Number of protein chains: 2
Amino acid sequence: MKCKYIVHNLFYEGFTMSKLSEQSDQVVNLSLDKQLCFSLYSASNAMGRAYRPLLDKLDLTYLQYIVMMVLWEHDSVSVKSLGEKVHLDSGTLTPLLKRLEAKGLVIRARSEHDERVRVISLSEQGVSLQQQAESVPQAMLCQADMPLEELQALKQGCDRLFAKLMK
Amino acid sequence: MKCKYIVHNLFYEGFTMSKLSEQSDQVVNLSLDKQLCFSLYSASNAMGRAYRPLLDKLDLTYLQYIVMMVLWEHDSVSVKSLGEKVHLDSGTLTPLLKRLEAKGLVIRARSEHDERVRVISLSEQGVSLQQQAESVPQAMLCQADMPLEELQALKQGCDRLFAKLMK
DNA sequence: AACAATTAAATAGTGCACAACTTAAATTAA
DNA sequence: TTAATTTAAGTTGTGCACTATTTAATTGTT
């Protein structure tokens, strides 16, 4: 029962290694402290909260900041290609892009070759916001206050898990 | 400029190591691929998506599942103590607990000693749901398909980052 | 050319997360 | 024992994430 053992260690501390059919007389302990997914979820939420005071100064949310980073890197992208880069779909991106447009940071044009696609590009204001955003990663890093190797390892782990969960 | 170097490696690939005042002639490359926070955010979103088909069978969202796990472990908890365990506040939990109550899974009583506190406890249906939930962590683990040590290291990294961002 | 299938984006509706605020009960201090 | 303070939970409003569906443009097939 190899899989059972793994579950015991990673997800359920206090979960006995008896067969599933013998569970009637035991309390299955779903210890939250031992769940990787909960740690990931909590860390991601905490990250969002940590970004907030920094991004408030730019009047951006974290996802808006992410989208702006894509645009600072590529300038013109379709909603589809943007969605592939940030791993989100039009259901999330369309209203977000409308808000960025309302703030005057992006332009939502139509492609001339294909009327279906929206071409998102930066306004002058959107371009100039990049300078203000440059201090953000540094500020976040100071808050993390962890060895670089550890942060890199954490990033790699997240990337690997993401890749596994996507296929 | 140690901090600059770190930022270069972890956040901005292609960011030169020149002083900030010399940036006028370079394109600052905010490469999304190199951002730890984005990896964390994407992995957390992917995790939520991976849980969904499993939790749909239990008619639970991921956060509802998390809250049920706390209750399966402790049975009776106040909103405040629940919030401390799941790192969320009443703004998120109150509506969620009302939905769990509407499904007949929990009971939202008042404390007799202190009328301010809500005591959340499991209904019979809430208790019996635990058996159906037991297969969920195993199913998730199969999807992750990564060495146990790596998943444990990832969990540790998330926990350490969370702790740093919280203080 | 006509029509079916595909594709890109938008829309509608649910449920988080969060900040800011309100309400009401309990505690403390004057 | 009032009055000020603190505390627990709830409320309001914004912005994600996501599923399912719709609209409209393009492509493919006969």
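The values are calculated or read from the model by the stated rules, or taken from the named source; none is laboratory data. Since this is a predicted model, take the numbers as computed values, not measurements. All Cβ positions, even for glycine, are placed from backbone atoms using ideal geometry, and neighbour counts span all protein chains on display. To get the accessible areas, we keep the full protein, side chains included, count just its heavy atoms, and leave off ligands, DNA and RNA. Shrake-Rupley method; radii C 1.70, N 1.55, O 1.52, S 1.80 Å.
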Next on the checklist: Every residue in segment A:59-80 that is assigned to a helix (DSSP H, G or I) and over 16 Å from the mean Cα position of the chain (by Cα), please.
Outcome noted: A:Leu71, A:Trp72, A:Glu73, A:His74, A:Val79, A:Lys80
Checklist entry - Just to be sure, is A:Ser31 surrounded by 14 or more Cβ atoms within 10 Å (Cβ to Cβ) and at pLDDT below 95? => result yes
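Anything in segment B:102-114 that is within 8 Å of DNA strand C (Cβ to nearest atom) and either within 18 Å of the chain's Cα centre (by Cα) or open to solvent by 30 Å² or more (accessible area, probe 1.4 Å) (or both)? List them, or say none.
Once the filter is applied, which keeps residues that are within 8 Å of DNA strand C (Cβ to nearest atom) and either within 18 Å of the chain's Cα centre (by Cα) or open to solvent by 30 Å² or more (accessible area, probe 1.4 Å) (or both), segment B:102-114 yields B:His113, B:Asp114.
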Next on the checklist: Whether any residue in segment B:138-154 is away from every other protein chain (no Cβ under 14 Å) and either of a type in the set (Ser, Thr, Tyr) or open to solvent by 40 Å² or more (accessible area, probe 1.4 Å) (or both) is what I want to check.
Outcome noted: no
Next on the checklist: With the requirement that a residue be of a type outside the set (S, T, N, Q) and under 21 Å from A:Arg52 (Cβ atoms), what does segment A:133-153 give you?
Outcome noted: A:Ala133, A:Glu134, A:Val136, A:Pro137, A:Ala139, A:Met140, A:Leu141, A:Cys142, A:Ala144, A:Asp145, A:Met146, A:Leu151
Checklist entry - Within the bounds of segment B:81-101, is there any residue that is part of a loop (DSSP other than H, G, I, E, B), open to solvent by 70 Å² or more (accessible area, probe 1.4 Å), over 25 Å from A:Lys164 (Cβ atoms) and touching a residue at least 24 places away in the same chain (Cβ under 8 Å)? => result no
Item to check | Answer from B:Leu88, B:Leu96, B:Leu82, B:Leu154 - the residue that is within 12 Å of DNA strand C (Cβ to nearest atom) and closer than 30 Å to A:Asp145 by Cα | outcome: B:Leu88
Next on the checklist: Condition first: crowded, with 17+ Cβ neighbours inside 10 Å, more than 9 Å from DNA strand D (Cβ to nearest atom) and not β-branched (Val, Ile, Thr). Now tell me which residues in segment A:59-80 satisfy that.
Outcome noted: A:Met68, A:Met69, A:Leu71, A:Trp72, A:Glu73
Checklist entry - Going by the conditions given, is A:Leu161 surrounded by 14 or more Cβ atoms within 10 Å (Cβ to Cβ), closer than 29 Å to B:Asp145 by Cα and of a type in the set (A, V, I, L, M, F, W, C)? => result yes
Checklist entry - Taking the condition assigned to a helix (DSSP H, G or I) and either open to solvent by less than 60 Å² (accessible area, probe 1.4 Å) or polar (S, T, N, Q) (or both), does A:Ile120 pass? => result no
Item to check | Complete set of residues in segment B:123-135 that are more than 25 Å from A:Cys37 (Cα to Cα) and either surrounded by 18 or more Cβ atoms within 10 Å (Cβ to Cβ) or within 12 Å of chain A (Cβ to nearest Cβ) (or both) | outcome: none
Next on the checklist: If a residue must be open to solvent by less than 20 Å² (accessible area, probe 1.4 Å) and under 18 Å from B:Gln125 (Cα atoms), how many such residues does segment B:40-57 contain?
Outcome noted: 1
